[in-house]
1. Please state which of the following conditions Val270 fails to meet, knowing it meets all the rest: (1) surrounded by 21 or more Cβ atoms within 10 Å (Cβ to Cβ); (2) under 21 Å from Ser385 (Cβ atoms).
2. Of all residues in segment 138-164 being over 25 Å from Leu309 (Cβ atoms) and not in a loop (DSSP other than H, G, I, E, B), which is farthest from the chain's Cα centre (by Cα)?
3. Taking segment 195-242 as the region of interest, how many residues are among the aromatic types (Phe, Trp, Tyr), touching a Gly at 6+ places or on another chain (Cβ under 9 Å) and either under 29 Å from Gln296 (Cβ atoms) or in a helix (DSSP H, G or I) (or both)?
4. Taking Lys370, is it over 16 Å from the mean Cα position of the chain (by Cα) and crowded, with 20+ Cβ neighbours inside 10 Å?
5. Could you tell me whether Lys351 is basic (Lys, Arg), within 28 Å of Glu266 (Cα to Cα) and out of contact with any helix residue (DSSP H, G or I) (no Cβ under 8 Å at 6 or more places or on another chain)?
6. Looking only at segment 165-184, how many residues end up being assigned to a loop (DSSP other than H, G, I, E, B) and either buried (at least 17 other Cβ atoms within 10 Å of the Cβ) or at pLDDT below 95 (or both)?
7. Return yes when Thr187 is over 20 Å from Pro364 (Cβ atoms), among the hydroxyl-bearing types (Ser, Thr, Tyr) and assigned to a helix (DSSP H, G or I) and no when it is not.
Amino acid sequence: MLEKLISAAKFNRLSTRCKSNTLIASDGPGHPFAFNYGTDFMMKKSICCALLLTASFSTFAAAKTEQQIADIVNRTITPLMQEQAIPGMAVAIIYEGKPYYFTWGKADIANNHPVTQQTLFELGSVSKTFNGVLGGDAIARGEIKLSDPVTKYWPELTGKQWRGISLLHLATYTAGGLPLQIPDDVTDKAALLRFYQNWQPQWTPGAKRLYANSSIGLFGALAVKPSGMSYEEAMTRRVLQPLKLAHTWITVPQSEQKNYAWGYREGKPVHVSPGQLDAEAYGVKSSVIDMARWVQANMDASHVQEKTLQQGIELAQSRYWRIGDMYQGLGWEMLNWPLKADSIINGSDSKVALAALPAVEVNPPAPAVKASWVHKTGSTGGFGSYVAFVPEKNLGIVMLANKSYPNPVRVEAAWRILEKLQ
């Protein structure tokens with residue numbers, strides 16, 4: 001089954017630079033385009049009328065100039081920041097193969113440090129997409145199979161409730177009702193084992209999807225076991241380094257601390273607290289440039305030299321379960337393209353996204369579909385992120401903010417921008 005997915009993997013896709021209030025794009029090495037917006041774009045007015053969200057993007061439009069792209073992004077993001085009281089943001093647009101970068105506001109209010117292209121943001125649950133690709137790479141290497149029982153990789157899980165639960169169930173939140181968070185009092189490996197040993201499913205594996213850090217987090221930890229490496233080492237060597245994501249970290253080194261933005265919660269600066277399986281579920285920090293590269297690699301892995309990583313990217317976007325209009329991949333979530341705006345906006349609301357919903361197995365799993373809206377939201381206590389792309393259109397967006405704000409607001413803003421770029 002998975003061998004068919006790997007053999008079916010086909011791809012095609014892309015690079016760049018910037019300053020606060022400056023757009024820099026490139027048509028190749030040594031050919032940058034720079035645009036300084038000044039302060040005029042920091043508009044002090046709210047959106048005066050609601051935009052009509054069409055059922056699908058227009059099918060044809062003249063190619064946008066760099067300045068037009070800048071105008072489109074600013075008209076959405078600056079009012080958004082004002083309405084949501086967001087201190088700082090960085091946005092990347094991938095349009096016709098070129099990345100464009102935009103920054104606004106402050107990474108550190110107290111020290112008056114602006115958001116720049118080097119600023120590191122906490123990705124929150126967008127980290128799960130890295131987990132999924134790393135797991136896909138392990139599958140492509142023949143180290144694990146999604147059909148393998150969880151107990152093969154953690155024999156200490158002796159509870160009978162773990163019978164019949166596979167790595168696939170962990171990776172796709174369908175194990176039977178694992179909780180959203182690992183409790184705060186679980187602070188070491190022994191306590192983590194007790195937590196999973198004491199857990200009792202609410203329904204049979206594969207019956208429902210219930211979004212959970214404790215589910216995909218455990219998948220990531222077990223997926224790297226055959227490699228003999230820690231999760232962080234495997235991520236660095238197998239994903240980050242091959243993709244040249246030199247400013248993406250699980251543990252931010254001292255040399256990069258100057259670029260690590262403060263998140264803000266109720267006006268106070270915060271960073272994510274350490275926890276069990278945090279790296280696997282919500283622990284990645286990255287810059288807007290690296291995240292644009294991440295989107296480009298996931299839209300089209302044909303330029304990724306490592307074959308197992310190519311296949312891992314494909315497997316992460318394969319469709320394993322259908323939950324309403326949404327298909328669950330490994331970390332990534334997909335909807336058929338074209339689609340209605342309401343389906344992604346409403347579907348991102350926590351009332352839907354965190355609900356236990358019936359899951360319909362896609363058997364065999366469907367290989368990645370280019371006509372898809374592929375996306376993931378992410379939050380920590382002080383940060384909010386959103387990544388979305390349409391491989392068929394070679395169009396994508398990265399939105400990084402140092403404040404958490406409602407998912408539907410992020411998704412609607414991304415839709416508005418990408419809709420106007422068609």
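1. For Val270, the exception is condition (1).
2. Here the answer is Lys160.
3. Of segment 195-242, the ones among the aromatic types (Phe, Trp, Tyr) are 195-196, 199, 203, 211, 219, 231.
Checking the rest, the ones that are also touching a Gly at 6+ places or on another chain (Cβ under 9 Å) come to 196, 199, 203, 219, 231.
Retained after the next criterion (residues that are either under 29 Å from Gln296 (Cβ atoms) or in a helix (DSSP H, G or I) (or both)): 196, 219, 231.
Within segment 195-242, residues that are among the aromatic types (Phe, Trp, Tyr), touching a Gly at 6+ places or on another chain (Cβ under 9 Å) and either under 29 Å from Gln296 (Cβ atoms) or in a helix (DSSP H, G or I) (or both) number 3.
4. Working: over 16 Å from the mean Cα position of the chain (by Cα): yes; crowded, with 20+ Cβ neighbours inside 10 Å: no.
So Lys370 does not fit the description; no.
5. Details: basic (Lys, Arg): yes; within 28 Å of Glu266 (Cα to Cα): yes; out of contact with any helix residue (DSSP H, G or I) (no Cβ under 8 Å at 6 or more places or on another chain): yes.
Against the criterion (basic (Lys, Arg), within 28 Å of Glu266 (Cα to Cα) and out of contact with any helix residue (DSSP H, G or I) (no Cβ under 8 Å at 6 or more places or on another chain)), Lys351 qualifies.
6. The initial filter retains those residues of segment 165-184 that are assigned to a loop (DSSP other than H, G, I, E, B), namely 165, 172-184.
Subset that is either buried (at least 17 other Cβ atoms within 10 Å of the Cβ) or at pLDDT below 95 (or both): 165, 172-178, 182.
Residues in segment 165-184 being assigned to a loop (DSSP other than H, G, I, E, B) and either buried (at least 17 other Cβ atoms within 10 Å of the Cβ) or at pLDDT below 95 (or both): 9 in total.
7. So Thr187 does not fit the description; no.
Here's the yes/no breakdown for (1) assigned to a helix (DSSP H, G or I); (2) closer than 29 Å to Ala279 by Cα:
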{"position": "Ala62", "(1), (2)": "no, no"}
{"position": "Gln67", "(1), (2)": "yes, no"}
{"position": "Val73", "(1), (2)": "yes, no"}
{"position": "Pro99", "(1), (2)": "no, yes"}
{"position": "Phe102", "(1), (2)": "no, yes"}
{"position": "Gln118", "(1), (2)": "no, yes"}
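The values are calculated or read from the model by the stated rules, or taken from the named source; none is laboratory data. Quick caveat, the model's predicted, so the values are computed rather than measured. Positions of Cβ are generated from backbone atoms using ideal geometry, with glycine treated the same way; all protein chains shown enter the neighbour counts.
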